[in-house]
Amino acid sequence: MLSPLSRSLTYLTAGLYALTGAVLFLLPNAMSAQFAWKVSPFVTMTIGAWCLGNAWLAWVTARRWQWSLVYTTLLYLGLFGVLETIVLILFRDKLLLTHPIAWLYLAALVVNVVAAGWITVEWLRAKPHLEPLGPPVNVAVRVLAVIFVLFVTLLGVYGLGADLSSPGTSGQIFPETMSLFTLRAFGAFYLSLALSVIPLIWARGLAAILHHAYASYGLLVLITATALVFIGLFNFSAHPFQWLYLGAYLVVGVVVGYVLIRYGIGTSHSTKDTRRPE
């Protein structure tokens, strides 16, 4: 069902996100003043972590390229590209397009959206059947997926709807005061993560869930690493709810890591296993 062109576009998306993310992640202090809108070094490195995580996810997805395995990671990429592009359009008067890194970020989003559009057209034409790959999904994994969707959807909706006077926007959770532009970008990211997992709640085979977890793990690792690099910005005694930001990534990282170690990473050989996991 998925054409060579859509696969090439996904690889191109991975490459552009990798290049953008590497610059933002490795040079946050220098790039914070050059990015597409006004951001701090911490936010710059965090967006770099998003981009590098997206690059890994897109590359793993294009590498495996089996619809019944990768459909939700393709959904995440499409949602991220579209929602972040909408945020840019809504705040277009705040855009700063004087440095190549800003144009590189925009180019990554444009290619991402083009790839998502092309893949959507192919899906509408073919309406492919989702084959249950791997062992059946047990109740524990399904419950974890539901908890993830509910929690991260709440974060996404709050980030897209809250104003700057709302609780948690002035350093109480994220250790810096966010601009409305940045808050909406965070909300779009979280909502993309949450909505892409919803189809996995009803997945009949475990391989697609393991693939999604493995492909998304780079996001968890890199965003957590960014928070640890800027740990000096956190003041847990004055703002104890700041533990929610760091703790959420640590807890999800540990849980997902355990699932991947226990059940595998959703590779093709796991699709032949029909045993129910213990």
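Close amide H pairs (under 5 Å, H built 1.01 Å from N) link GLY205 with LEU133, residues at least 5 positions away or on another chain. As a calculated quantity, the FRET efficiency between LEU5 and LEU95 at R0 = 35 Å, using C-beta atoms, amounts to about 0.70.
Comparing mean-square fluctuations of SER196, SER166, SER216 from a GNM of the chain with C-alpha springs under 10 Å, the top value falls on SER166.
Placing pseudo-labels 7 Å out from each Cα toward the beta carbon at ASN138 and SER165 gives an inter-label distance of 5.0 nm. Rounded to the nearest Hz, the phi-derived 3J(HN,Hα) couplings of the stretch 213-225 under the Karplus curve 6.51 cos²θ - 1.76 cosθ + 1.60 (θ = phi - 60°) are 5, 5, 5, 8, 5, x, 4, 4, 5, 6, 5, 5, 4, where x marks glycine and proline. Diffusion coefficient (Stokes-Einstein, Kirkwood radius over C-alpha pairs, 10 °C, 1.306 mPa s) for the chain: 83 µm²/s, rounded to a whole number. Here the Karplus relation 6.51 cos²θ - 1.76 cosθ + 1.60, evaluated at θ = phi - 60°, turns the backbone of the stretch 155-164 into coupling constants of 4, x, 5, 5, x, 7, x, 6, 9, 6 Hz, with x for every Gly and Pro.
Here the spin labels are modelled as points 7 Å beyond Cα on the Cα-Cβ line, and at PHE151 and HIS129 they lie 3.7 nm apart.
For the pair the stretch 127-175 and the stretch 189-204, the centres of their Cα atoms are 7 angstrom apart.
Since every read-out is calculated from the coordinates, none of them should be taken as a lab result. Just so it is clear, the model here is predicted, and its values are computed rather than measured. Here Cβ is always computed from backbone atoms with ideal geometry, including for glycine, and neighbour counts include all displayed protein chains.
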